[in-house]
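Asks: Quick one: structure below, then a few questions.
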Amino acid sequence: MEIIRNLTRRKLRNILTISGIVIGVLALVTMGAMAEKFNALLSGGATYFGSNVQVADSSTGGISAFGGGLLTLDRVAALEQVAGVAAAFPDISVSAKPGSTNTVSFGVPDYISNSDPRANDYSAFKIHLAQGREVSTTTNGEVVLGSDFATEFKKHVGDTIDLPIRATDAPPDFVNHTFTVVGILAKTQTAPDTGAYVNLTDAQMLLKETLPASIRASIDTSKLVNGATVYGKPGVDLDKLADKINAEVPGVKATKPSVLVASFNSGGAIFTAITTGAALIALVVGGLSVINTMLMAVTERVREIGLKKAIGAKVGDILREYLLEAVLIGGIGGAIGLLLGWGLTSLINAATASANLSLFLLTWRLVIVAILFSVGLGAVAGIIPALRASRMDPVQALRAA
Amino acid sequence: MATIELKDLTKHYKQGATIVKAVDGINLTIESGEFVSVVGRSGSGKTTTLDLLGLLLRPTAGQIVLDGVDTGKLRDGARADLRAKKLGFIFQEFNLLSTLNAIQNVMLPLRYYKNGTDGKVRAAALLEEVGLKDRMHHRPDQMSGGEKQRVAIARSLINRPSLVLGDEPTGEVDSETSQQLIGLMRRMNREYGVTFVIVTHDMDIAAQTDRTIRLKDGKVLSDVRTDADQSYLTKLERGEGVA
């Protein structure tokens, strides 16, 4: 009670100090939420690509979904013959917005892919339906949308959508097809959120249409895919399996999962460093202003401290009172900063949702870090002023001018 | 029973190269329930003596024995405990906390020394006794000097002390208020049997105490008990001069 009144005693000064912490925590929360979003994106990738072997045409590097030569279906069948392979699924992935000029995106650009529900049984990264059902392998013209994809185009189960999406400046020979939305995926915070999933036959049709018109007629795309995802039998070392595939199946290139996972993790490290940097700046700026404020408060209240010591307060009592006041300054600043950060990130996410851009992910762990951080900051910054107060000589303090 | 014994009490300060003998070998015994004034010119050592009595300073030599406890042997924490349990303080400039109202100020010592659960009731009763029943929820800046000192007197008694120390308790108020305050302190001294030792430069105030100790250069110059028929108790019995 007295501590709260003490804060209102020098309103302007404390408001300014609290504002400093608010700004620091706001920076921490927004930068942190961005890092969390990015880390979720990457960790989803690391989980998914860590649990399988990506196989592409031998001319391709890494993940077939991100471009490269085509693979024939008989190669996919050959992969299943390699000892240690549990299943091999053909992969097709084409852009959902071909020719779109908005290509730089924080996240994975919209794509259309084939989906085989059986892959979920093997993958460490599980995908769940929020609504509806999987696409039929036999009935064409059905699509399951990722959650961001559905939000971007405001589609629900039962609606129809023309895929790929027609760009405003589409060439005259652009073709697309009407699909019925049969399901919408639960939000994953990573790649599947921006995907649209059709069956293999439809995916092959869409793949064919990405080829130049001059060669389209001469190619039978029912035999072609972008690549394959291979799952090992339980206990099989996937890096060794990749080596084995490269040795036994001609014309393909299998990438070791450890290489892909390492590249995902190194991306996450950069963002973690940015967040830590923001936190450090907040620590220095907020901490110094709390120290300054509390030192001034101690100087102003010398007589009060002297009186308290005279009537029996011990070093620890005074220390506790002043630390608590500093912690309160930190806590109030942190709470306001957190609320503003939550508001700001939600607002920006809502504003950019229609552009299929989800920048921030405010996780519970970030909320807890922000609260602990601001309270801890107050406590650390309060130590010096509180020590000064608690060690004051009562005789001198009582007679101070 | 002797409440306080000062034995060869000495406090020397170094001031540059010279040594200031603020208190220079004081021997005194103050009985339980006495109302004592300490007088002397500035520099006579009266404030230092009061600080030593209040366990706010450690003597250079000599002893202060409080209710049989030799306070010189106690650590800082134990001295703080003793202050919390046995001592009350009244200051010239009141030293009330501006953020707390009257009753909260009276209860402040209980924050550092829990003495029963009836703190609020006792604080209210004390404020009523000092005549501030209607001002309990006023903050210090809404009160006059005399009222503030009444709050401070109530505060000094909340922990049921055996000794209350006053450092020029009437120094900041006019003479009429000053008379009221000394009357109030005398009444508390009598009602609760609490020993009072007050430092003052006002001889009118000193004349109303049981005993006046005059200091000079850190030594006791005189130690005079007030005449029986001059004393407050006698006047009280005659029905005169009661505040």
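The values are calculated or read from the model by the stated rules, or taken from the named source; none is laboratory data. These figures come from a predicted structure and were not determined experimentally. Glycine gets a Cβ as well: all are built from the backbone with ideal geometry, and neighbour counts include every protein chain shown.
Asks: Given (1) closer than 30 Å to A:A119 by Cα; (2) crowded, with 21+ Cβ neighbours inside 10 Å, where does A:V290 come up short, assuming only one miss?
Replies: Condition (1) is where A:V290 drops out.
Asks: Please name all residue pairs, on different chains or six or more residues apart, with Cβ atoms under 7 Å, provided the first residue is in region A:229-243 and is closer than 13 Å to A:Y122 by Cβ and the second residue is outside any loop (DSSP other than H, G, I, E, B) and at pLDDT below 85.
Replies: Correct list of pairs: A:T229/A:A119; A:Y231/A:Y122.
Table: residues versus (1) touching a Ser or Thr at 6+ places or on another chain (Cβ under 6 Å); (2) surrounded by 22 or more Cβ atoms within 10 Å (Cβ to Cβ); (3) more than 24 Å from B:L28 (Cβ to Cβ).
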position	(1), (2), (3)
B:V65	no, no, no
B:R75	no, no, yes
B:L82	no, no, no
B:L97	no, no, yes
B:L100	no, no, yes
B:D118	no, no, yes
B:V121	no, no, yes
B:L126	no, yes, yes
B:G131	no, no, yes
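Asks: Same structure again: Strands (runs of 3 or more DSSP E) wholly in region A:108-169 with at least 3 residues that are over 30 Å from A:P234 (Cβ atoms) - which ones?
Replies: A:142-145, A:160-163
Asks: If you don't mind, there's one more thing I want to ask. Where residues in region A:385-401 are in contact with a Gly (Cβ under 9 Å, 6 or more places away or on another chain) and of a type in the set (D, E, K, R), which of them is surrounded by the fewest Cβ atoms within 10 Å (Cβ to Cβ)?
Replies: Filtering first and then ranking leaves A:D393.
Asks: Still on this model: Considering (1) in contact with a helix residue (DSSP H, G or I) (Cβ under 9 Å, 6 or more places away or on another chain); (2) of a type outside the set (G, A, S); (3) more than 14 Å from every other protein chain (Cβ to nearest Cβ), say which one A:R301 fails and leave the rest.
Replies: That leaves (3) as the condition not met.
Asks: Of these, B:R186, B:R111, which one is buried (at least 17 other Cβ atoms within 10 Å of the Cβ) and more than 20 Å from B:T3 (Cβ to Cβ)?
Replies: The unique qualifying residue is B:R111.
Asks: Tell me which of these A:S43 doesn't satisfy, since it passes every other one: (1) modelled with pLDDT under 85; (2) under 26 Å from the mean Cα position of the chain (by Cα); (3) over 26 Å from A:D91 (Cα atoms).
Replies: (3)
Asks: Here's another thing I want to ask about it. Scan region B:115-131 and tell me whether some residue there is under 27 Å from B:A206 (Cα atoms), within 14 Å of another protein chain (Cβ to nearest Cβ) and in a helix (DSSP H, G or I).
Replies: Within region B:115-131, not a single residue is under 27 Å from B:A206 (Cα atoms), within 14 Å of another protein chain (Cβ to nearest Cβ) and in a helix (DSSP H, G or I).
Asks: Mind counting the residues in region A:1-32 that are touching a residue at least 40 places away in the same chain (Cβ under 8 Å) and either more than 14 Å from every other protein chain (Cβ to nearest Cβ) or within 30 Å of A:I270 (Cα to Cα) (or both)?
Replies: Counting residues in region A:1-32 that are touching a residue at least 40 places away in the same chain (Cβ under 8 Å) and either more than 14 Å from every other protein chain (Cβ to nearest Cβ) or within 30 Å of A:I270 (Cα to Cα) (or both) gives 18.
Asks: Something else: Tell me, please, whether a residue that is buried (at least 17 other Cβ atoms within 10 Å of the Cβ), within 14 Å of chain B (Cβ to nearest Cβ) and of a type in the set (D, E, K, R) can be found in region A:325-341.
Replies: Yes.
Asks: What is the one condition in (1) surrounded by fewer than 20 Cβ atoms within 10 Å (Cβ to Cβ); (2) under 24 Å from the mean Cα position of the chain (by Cα); (3) at pLDDT 80 or above that A:I112 does not satisfy?
Replies: (1)
Asks: Out of B:S156, B:S162, report the one residue that is more than 12 Å from chain A (Cβ to nearest Cβ) and under 30 Å from B:M203 (Cβ atoms).
Replies: Selected residue: B:S162, the only one of B:S156, B:S162 that is more than 12 Å from chain A (Cβ to nearest Cβ) and under 30 Å from B:M203 (Cβ atoms).
Asks: Residues to consider are A:S374, A:S358; find the one that is modelled with pLDDT under 95, of a type in the set (S, T, Y) and in a helix (DSSP H, G or I).
Replies: A:S374
Asks: Based on what the data block shows, is B:R186 closer than 30 Å to B:T48 by Cα, outside any loop (DSSP other than H, G, I, E, B) and facing chain A (nearest Cβ under 9 Å)?
Replies: no
Asks: Filter region A:200-246 down to residues that are of a type in the set (G, A, S) and surrounded by fewer than 21 Cβ atoms within 10 Å (Cβ to Cβ) and give me whichever is modelled with the highest pLDDT.
Replies: My answer is A:G235.
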